[in-house]
Amino acid sequence: MSTKSVYFSLVFMIAALYSRAQPSEHKFTEQEYVEKYKDDAVKEMLMHGVPASITLSQGMLESGNGNSALAVYANNHFGIKCHDWKGLTFIQDDDTKDECFRKYGSVLESYSDHSQFLKSRPRYAFLFDLKTTDYKGWATGLKQAGYATDPNYAYKLIDIIEKHKLYELDKMVKMPIVKPQEKNIDQPIVKNSTHQILLNNRTKYVIAKEGDTYFAIAKELDMGLWQLYKYNESGKSATTKAGDIVYLQPKKRSADNADTHIVKKNETLYAISQQYGIKLKHLYKKNKLNPGSEIKTGDVIFLRKKKK
C-alpha cells in the first residue's frame, strides 16, 4: 500500500471514530415545537391577526419542526429571503447557490416578521377579513394567494393543525399565562375584568381594546392612573389604540428571550421597549444612544448586555 493510501485510510478511520464519539444533536419533535413556541404564536395572533395555528403549522412545515439549518442558525422558520432586508443575513443554497435569507435575533422576531410579511402584501389582504378561528379558510387562502407551489400545502397545514389541536389556540382572546409561581406578585387581578392578565418578560400586562383609555383600564383593574403612566413610560396625554400593550408593573432592565432586535420600517425605540418589556432608559444605555436618538430600518438593537 502506498504512503498516500495509508494516509487517507488513517484520516478516514479517525474521522469515523470522531463522529461516533460525538453526542447526537437533539431534534425537535412536532409536540416539542408546539410546546416551545405556542406562546409566541398566540402573542403574534393578538398583535397582528394571524391565527396561532397557522403560524405554528407553517413554522413546523417549513422549518422541519425547527430543525432546519436556517431555523437553527438564523432563527428563520419561514424561509423568508432578504429582498429589501437591512438586518442580519444568512447565506444558504436554495433554488440557486448562495441565496440570502433573513436572520433574526429570536424565533419570536421571525414570527413577527412573518406576520408583517403577510400584512404588507396586497394578495394576502383578504385573509385578514377571515376570523382567526377559520384555520381552514386561512390554509386554503394562503395556497390560493400563491404562498406555496406545493398543491397539497393547505392540506398539510390543516393536517398538522388538527393532529395537534392547534385550533384551540385560535379561540383564545389571549392565552392565560399567569404562571403559578407568579401569583404572589403584589399586583391587582380583578375577577370581573374584561382584560386577560398576561405575562411578558416576567411583567404583567393587558392588551388594549377598541375604545380603551389608560383611565378606563386603571379603573377596571383598581389601579392608580399614575401607575400606568409610569410603568408604560408615557406622558399624561398619552392615548391607547386596540392592540397596544399596557404594562401593569415596571418593565425590566433586559429581555429574557432575545439578544437583539432588527428595526423595522417606521419602528421606534419606544415600540421596541414595549414589545420586549424593557425600560426605555436601559435600551438607550445598552445601545449607547442619547435619549431622543433616532433609529433607522435595519439597525441592530441590543436587548441585553453585549457579550464580551
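Things to note:
- Annotation: ALA258 fulfils all but one of (1) at pLDDT below 90; (2) part of a loop (DSSP other than H, G, I, E, B); (3) more than 21 Å from the chain's Cα centre (by Cα); the unmet one is (3).
- Residue list for the stretch 58-73, restricted to those being farther than 14 Å from SER110 by Cα and in a helix (DSSP H, G or I): LEU61, ALA69
- Test for THR297: is it more than 21 Å from the chain's Cα centre (by Cα) and assigned to a loop (DSSP other than H, G, I, E, B): no
- Scan the stretch 275-289 for residues that are surrounded by fewer than 17 Cβ atoms within 10 Å (Cβ to Cβ) and on the phi > 0 side of the Ramachandran plot and the total you get is 1.
- Residue match in the stretch 74-84 (condition: without any contact (Cβ under 8 Å) to a residue 40 or more places away in the chain and part of a helix (DSSP H, G or I)): yes
- Matching residues, the stretch 34-87, being of a type in the set (A, V, I, L, M, F, W, C), over 21 Å from ASP159 (Cα atoms) and out of contact with any strand residue (DSSP E or B) (no Cβ under 7 Å at 6 or more places or on another chain): MET47, ALA71, VAL72
- Taking the criterion of being of a type in the set (Lys, Arg) and surrounded by fewer than 21 Cβ atoms within 10 Å (Cβ to Cβ), the residues of the stretch 246-274 that qualify are LYS252, ARG253, LYS264, LYS265.
The values are calculated or read from the model by the stated rules, or taken from the named source; none is laboratory data. Here the structure is a predicted model, which is why all the values come from computation and not from measurement. Positions of Cβ are backbone-derived with ideal geometry, glycine not excepted, and every protein chain shown enters the neighbour counts.
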